Amino acid sequence: MIAVTTLEDSGPGSLRACIEESEPRVCVFRVSGVIRFTQRPPRIRNPYITIAGQTAPGGGITLAHGGGDAGRTPLVIKDTHDVVVRHLRVRTDRVGNERGSEDAVTIENSSRVIVDHVSASWARDEIVNGYADNDEITISNSIFSWGIPRHDKCALLAADSFQPQRVSFIGNLCAHNGDRNPDINFTPGSCIEIFNNVFYNAESEFAEVWESHGGSPVSIVGNSFIAGPDTRRDAVGIVRQTIGSKGKASAYMRGNLFDGAFTHLDGSVADIATDTPPCQFTMQPLLAQDAYTQVLQSAGAHPRDALDRQVVSEVQRRGGKLAKAPGSIPAIEAGTPYPDADADGMDDWWERDHGADPETPDSWSDSDGDGISNLEQFLDDLSDQLVAG
C-alpha cells in the first residue's frame, strides 16, 4: 500500500510516485482535490497496480493536465497488465498542443485492466481510447461526457488491433458526444460485450460496428439509445461501417431501447445480425429500462461532482447540449481522511467491525476466511458505500 499524501505533480507522496513504483501496489489517497500534471502525465507501465480513488476524503480526486506541452492524456495504461482504476475523475479543462494526444483515458497494449466508476469530460480526441492489442479489458459504471467538437467521441474501443480481444463495456453513460458511442472495431475471434449502457444525445451516430479489421463480433444487449437536442434526424443508433471492409461483422442484438426520431438501425445491420452471441456472456445483462435506472443512479466517480449531477439531470429531462469548449472543474471538498493508525490503507473502524486488527498492518490477511484479502474487501465495501450515498 502506498499513500498519496500530496496533490503535487511529482515527488514523495504523489500519485506519480505510486504509479512509477515497480512493485505490486495499491494507491490509497489521504488527500482530495485536483492533481494537475504540469509535466507530461505519467504512464502506468508497471503491472499489479490498483488506484483506489474511493479512499480519497471529501470530494475525491480529479486528474487534469497543465495544457500546452503537458497537455496529454492524463490517464494512460500502456504495455502492462493487471491494472484497476476506480472512482477517479479526468477533466481536461486546458488545451494542449497536440489534439491527437488528448484523450481522457488511453489503454494500449495492455491486458487484465478494469476501469470502473470513472468520470471523464472534455477530451479533444476520444474520451476513452483503446489502441493496439489489448485483452481482457472491462470499462464499467462510468460517465463519459462532453467531448470537444469537431472530434467529440465517447469511446474508440479498438484501433489498429491485430489479435482477437476480449472487451466489456458495461453500465456506462455516454452523453453529449457526436459519435463513437461507442466505436467497435475488432478482429474475428474477439469477444466484445456492449451491455446495459445509456447513450444520449449523439449528433450523427451512436454505436458503430466496423469491419476494417476483418469484421467485429459483438453482442449489443440491453442498452438505451436516446435522442437529445443535438441528435439529427438522420442520426443512426446502430450502424454497420463497411469502409475498408476485410470481412463481415457479426452482431447479436437483443433488448435494446431506442427513444427518439432518428434511424434506429442502419439498413445493412440486418445483414450482420445473428441469433447466437459470438461468445459466452461474462454477466447476465439487465433489461434496458432497469439498466437505465441503475446507470443514472450509480455510474461515475463518487461522490458525484456538479458536472456528473448536471449530465445525469440532462439525460433525465432530455436536455443539455454538446460542448463547444472545455468547462471549469468544480470545487472539491477537502474532507478528513479516515483513521488508519497502522498505515495499512484500511479504516480503523472498518477493521474493528470486520475482525481485522487496526494496530497491526494486515492488508493482505483474510480475517473472515472468505478468500478475499482484508484490503480488497475494504475497498469494495467503501465503493459500495459511496455509490449508495
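Mean-square fluctuation check for the chain, GNM, Cα pairs under 10 Å: which of Gln241, Gln280, Gln289 is largest?
Comparing Gln241, Gln280, Gln289 in a Gaussian network model of the chain, the most mobile one is Gln280.
Hey, what do the phi angles of the range 295-301 turn into as Karplus ³J(HN,Hα) couplings, whole Hz, using 6.51/-1.76/1.60 and θ = phi - 60°, x for Gly and Pro?
Each residue of the range 295-301 in turn: 4, 5, 7, 10, 5, x, 6 Hz.
Can you list the residues, at least 5 places off or on another chain, whose amide H is less than 5 Å from the amide H of Ser250, using H built in the peptide plane?
Counting only residues 5 or more places away or on other chains, the set is Ser216, Val218.
Sort 368-381, 88-101 by packing, meaning the average of other beta carbons within 10 Å per residue, with the highest value first. List each step's numbers first, then the result.
Working: 368-381: 15.6, 88-101: 19.1.
Averaged packing, sorted descending, gives the order 88-101, 368-381.
Please calculate how many Å² of accessible area the range 155-261 carries per residue, with a 1.4 Å probe and no DNA, RNA or ligand atoms counted.
Numbers: 3060 Å² over 107 residues.
Heavy-atom accessible area per residue stands at 29 Å².
Measure off, as a whole percent, the carbon and sulfur share of the 1.4 Å-probe accessible area of the chain, all protein chains present.
Numbers: 7070 of 14960 Å².
Ligands and nucleic acids excluded, carbon and sulfur give 47 percent.
Which of the peptides 298-306, 313-321, 7-15 is most tightly packed, and how do the rest follow, judged by the mean count of other Cβ atoms within 10 Å per residue?
Peptide ranking by packing, descending: 298-306, 7-15, 313-321.
Enter the mean projected area of the convex hull around the alpha-carbon atoms of the range 83-138, in nm², rounded to one decimal. Mind dumping the intermediate values first?
Details: hull surface 15.1 nm².
Projected area, direction-averaged: 3.8 nm².
Quick check on the range 294-367: take the gyration tensor over C-alpha atoms, sort the square-rooted eigenvalues as a ≥ b ≥ c, and tell me if it's rounded (a/c under 1.5), prolate or oblate.
Verdict is prolate for the range 294-367.
Pick from Pro24, Pro42, Pro278: which is most flexible by mean-square fluctuation in a GNM of the chain where alpha carbon atoms under 10 Å apart are linked?
Top of the fluctuation ranking is Pro24.
Residue-wise, which Karplus ³J(HN,Hα) couplings in Hz belong to the range 233-245, taking 6.51 cos²θ - 1.76 cosθ + 1.60, θ = phi - 60°, and x for glycine or proline?
5, 8, 5, 10, x, 10, 10, 8, 9, 9, 4, x, 4
Mind listing the Cα extents of the chain along all three principal axes, in Å, largest one first?
Reported extents, whole Å, longest axis first: 64, 45, 39.
Going through the cross-link list Lys153/Lys248; Lys246/Lys324; Lys78/Lys153; Lys248/Lys321, which pairs have a Cα-Cα distance over 29 Å in this structure? Don't jump to the answer; show the numbers that get you there.
Details: Lys153/Lys248 24 Å; Lys246/Lys324 36 Å; Lys78/Lys153 21 Å; Lys248/Lys321 35 Å.
Cα-Cα > 29 Å for Lys246/Lys324; Lys248/Lys321; rest within.
For the range 359-365, what does the Karplus curve 6.51 cos²θ - 1.76 cosθ + 1.60, with θ = phi - 60°, yield as ³J(HN,Hα) per residue in whole Hz, taken in order and with x for Gly and Pro?
My calculation for the range 359-365 gives 10, 9, x, 9, 4, 9, 6 Hz in order.
Which value at 222 nm does the chain reach when only helices count, each DSSP H run of 4 or more adding -39,500 (n - 2.57), with the total divided by all residues and rounded to the nearest 500 deg cm²/dmol? Present the calculation step by step, with values, prior to reporting the outcome.
Values: 5 runs with 50 residues, N = 389.
Value at 222 nm, helices only: -4000 deg cm²/dmol.
If one computes the Cα centroid of the range 8-30 and of the range 296-346, what distance in Å separates the two points?
When both Cα centres are located, 22 Å separates them.
For the range 205-316, take the convex hull of the Cα atoms, compute a quarter of its surface area, and give me that in nm², please.
Numbers: hull surface 33.3 nm².
Over all viewing directions, the range 205-316 projects a mean Cα-hull area of 8.3 nm².
Mind listing the long-range amide H neighbours of Gly96? Cut-off is under 5 Å, sequence gap 5 or more, other chains count too, H placed in the peptide plane at 1.01 Å from N.
Amide H to amide H, under 5 Å and 5 or more residues apart or across chains, Gly96 pairs with Gly68.
Skipping prolines and chain starts, which residues have an amide H placed within reach, meaning under 5 Å, of the one on Val4, given they are 5 or more residues away or on another chain?
Val28, Phe29, Arg30
In cubic angstrom, how much convex hull volume per residue do the alpha carbon atoms of the range 1-40 span? Don't skip to the answer; put the middle values down first.
Numbers: hull volume 2.4 nm³, N = 40.
Convex hull of Cα atoms, per residue: 60 Å³.
Which sequence of Thr276, Thr106 reflects their accessible areas, 1.4 Å probe, from the largest down? Intermediate values should be presented prior to the final figure.
Details: Thr276 90, Thr106 15 Å².
These residues rank, largest area first, as Thr276, Thr106.
The values are calculated or read from the model by the stated rules, or taken from the named source; none is laboratory data. For clarity, every value in this text was computed on a predicted model and none was experimentally measured. With ideal geometry, Cβ positions are generated from the backbone for all residues, glycine too; neighbour counts draw on all protein chains shown. We work out accessible area using only protein heavy atoms, side chains counted, and drop any ligands, DNA or RNA first. Shrake-Rupley method; radii C 1.70, N 1.55, O 1.52, S 1.80 Å.
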